[in-house]
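> Shown below is the structure under consideration.
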Amino acid sequence: MLTEELYIPDTSVFIRGTLRKEIEKNSLEGRLIIHSLIVAYFEYLAKNGVSEGVTGLQEVKAVKRLAESAGIEVEFTRDLPSGYRTFPPIDNPPDQLLRDLALEWNAVLMTSDRIAKEAAEAMGVRVSFLEPSTNNGLRLEEFFTDDTMSIHLKENVRPFAKRGVPGKWYFVPLREEVVTRQELEDLMREIIEKAKTSPHGFIEIDRPGSTIAQLDNLRIVITKPPFSDGIEITAVRPIVKLRLEDYNLPDKLIERLEKKAEGILIAGAPGMGKTTFAQALAEYYHSKGKIVKTIESPRDMQLPQEITQYSKNYASSEEIHDVLLLSRPDYTFFDEMRDTRDFELYKDLRLAGVGMVGVVHATSPIDAIQRFIGRVELGMIPSIIDTVIFIKYGRVAKVYELETTVKIPHGLKEAELARPVVVVRDFLTGEPEYELYVFGERTFVVPVKKRRSARDFRVKLSVERLLRRYIPDENMEIVVMEEGHVMVLVDTEYYNYLLGKPKKKLERLGKRLGIQIEVRPRF
């Protein structure tokens, strides 16, 4: 009589679902020994809100059910190998114990972990390596259409999708039936399995109550009780991939980005296209022969393979600082700067001579600068930030440049009150818009509003009356500058049109008023 083959699975075949698929193929003959420590370990993870715990317990149930229906005997054991006097800690995978038990019982160890396979073979353990599949599709992708930016799934709520483009999107329900808890748990297990087996996927963060995964170009956020009041899955996908040339930036700004700007902030409200612009700028620098690296949390920028993307979640600020200084990149992109440590890392690298591009949430461009106040000395801000690019509705809406000068701050009159002042200027017009200075123990951010003469108002009104015949008010901006100069900023779709017949009328108006009128595209 032939001896019955014994199979001992480790935790990896449950987490990745490979044992279940092996049984479905009817390729397993023998007795399946599942150690109770595997169940206890998955139970511990599930109670602490770790996604792998829920996934593992569901897989154990599925394996037991499928094996019994296929006529495979399943046995749960609490036996320990020789030399083990107590059970190992419940918060660690029991894979080493299972390897020792397989060696002692001359059983076949079933694993989907390559390192575990190598370690078992080094000990002389017989191993059945179950290759994780990387070709299975993701059911989550069925919710997406070509214009879908993100999907939002929560238990007992209808599924919703955000469709459109950055700055111009709308919510739409995907069906009338609510999403069940079981449906979300199945999706969650599938996402975890895919992230661990796909060469283009990884688990960025796995905390009790929340998990962040990256699968190709999908950024997936999973929240669970007690952190949230129910299971929720949010998947975000970039639908717009632009080059810097697609933004129609003025030559003056392109020249600054190439030659002068080394401390750049890209600011904007959520969903306005900050990361899309940062991605285009990173690829532009790379195309110019610059060495570019990124710091991301999570890593969701879609960049060429030559650009190394570092995760802030797997390294301390000190480690990232040391790596970047030693690797000497020309530009480092810091996506989603949030807490004080992020701003300090940006400051340290910038002062060390590394070109920095930071992405921050802000409702206005001046808000992005104010986030550095209190974190660094005021006089150092222009040395750290020289250019602020504000993104609104997927386009560049405002660009600021910063400089430090000694002067009497705006709004004060006494000469003895002169002090270092950080002047924030509109990059296109050169006009100061804000002044930052310290008075007493407080730091003031003061809008600069120059008084205009009655003649300036008449000039602006005359130009506006003429231009209203050709373009709507919201598509133009008129800036009356010093020395009889008027700057007309118009949206790019009207720019070429104004260079025709309207330009001649503007020139005649300028001669009559004794001013020079210049037309430029607004970006």
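The values are calculated or read from the model by the stated rules, or taken from the named source; none is laboratory data. Note that the structure is a prediction, hence the values are computed from the model and not measured. Here the Cβ positions follow ideal geometry from the backbone for every residue, glycine too, while neighbour counts run over all protein chains shown.
> Can you tell me which residue among GLU296, GLU336 is surrounded by 13 or more Cβ atoms within 10 Å (Cβ to Cβ), at pLDDT below 90 and at positive phi?
GLU336
> Quick one: which residue in ARG256, ARG219, ARG237 is basic (Lys, Arg), within 30 Å of ILE381 (Cβ to Cβ) and surrounded by 14 or more Cβ atoms within 10 Å (Cβ to Cβ)?
Result: ARG256 is the single residue among ARG256, ARG219, ARG237 that is basic (Lys, Arg), within 30 Å of ILE381 (Cβ to Cβ) and surrounded by 14 or more Cβ atoms within 10 Å (Cβ to Cβ).
> Additional query: Quick one: in segment 106-160, of everything that is under 35 Å from the mean Cα position of the chain (by Cα) and among the β-branched types (Val, Ile, Thr), which residue is nearest to GLU185 (Cα to Cα)?
It comes out as VAL157.
> Cβ-Cβ distance below 8 Å, separation of 6 or more or different chains: which pairs start in segment 133-146 with a residue that is closer than 13 Å to ASP216 by Cβ and outside any loop (DSSP other than H, G, I, E, B) and end on one that is at pLDDT 85 or above and small (Gly, Ala, Ser)?
The qualifying pairs are LEU140/ALA235.
> GLU255: more than 15 Å from GLY355 (Cα to Cα), part of a loop (DSSP other than H, G, I, E, B) and free of Cβ contacts under 8 Å to residues at least 24 places away in the same chain, yes or no?
no
> Here's another thing I want to ask about it. Could you tell me which of the residues LYS312, LYS347 is surrounded by 14 or more Cβ atoms within 10 Å (Cβ to Cβ) and under 17 Å from the mean Cα position of the chain (by Cα)?
LYS312
> List pairs: first in segment 372-383 and within 12 Å of VAL438 (Cβ to Cβ), second among the hydrophobic types (A, V, I, L, M, F, W, C) and assigned to a helix (DSSP H, G or I), Cβ under 8 Å, 6+ apart or cross-chain?
Here the result reads ILE373/ILE381; ILE381/ILE369, each pair linking segment 372-383 to a residue that is among the hydrophobic types (A, V, I, L, M, F, W, C) and assigned to a helix (DSSP H, G or I).
> Which one of GLY124, GLY201, GLY209 is touching a helix residue (DSSP H, G or I) at 6+ places or on another chain (Cβ under 6 Å) and among the small types (Gly, Ala, Ser)?
That would be GLY201, the only listed residue that is touching a helix residue (DSSP H, G or I) at 6+ places or on another chain (Cβ under 6 Å) and among the small types (Gly, Ala, Ser).
> If ILE72 satisfies all but one of (1) crowded, with 20+ Cβ neighbours inside 10 Å; (2) of a type in the set (A, V, I, L, M, F, W, C); (3) more than 15 Å from THR11 (Cα to Cα), what's the number of the condition it fails?
Status for ILE72: all satisfied but (1).
> Here's something else I'd like to know. In contact with a strand residue (DSSP E or B) (Cβ under 9 Å, 6 or more places away or on another chain), surrounded by fewer than 19 Cβ atoms within 10 Å (Cβ to Cβ) and more than 26 Å from GLY56 (Cα to Cα): which single residue out of THR145, THR180 fits that description?
Step by step, each of THR145, THR180 is checked, and only THR145 is in contact with a strand residue (DSSP E or B) (Cβ under 9 Å, 6 or more places away or on another chain), surrounded by fewer than 19 Cβ atoms within 10 Å (Cβ to Cβ) and more than 26 Å from GLY56 (Cα to Cα).
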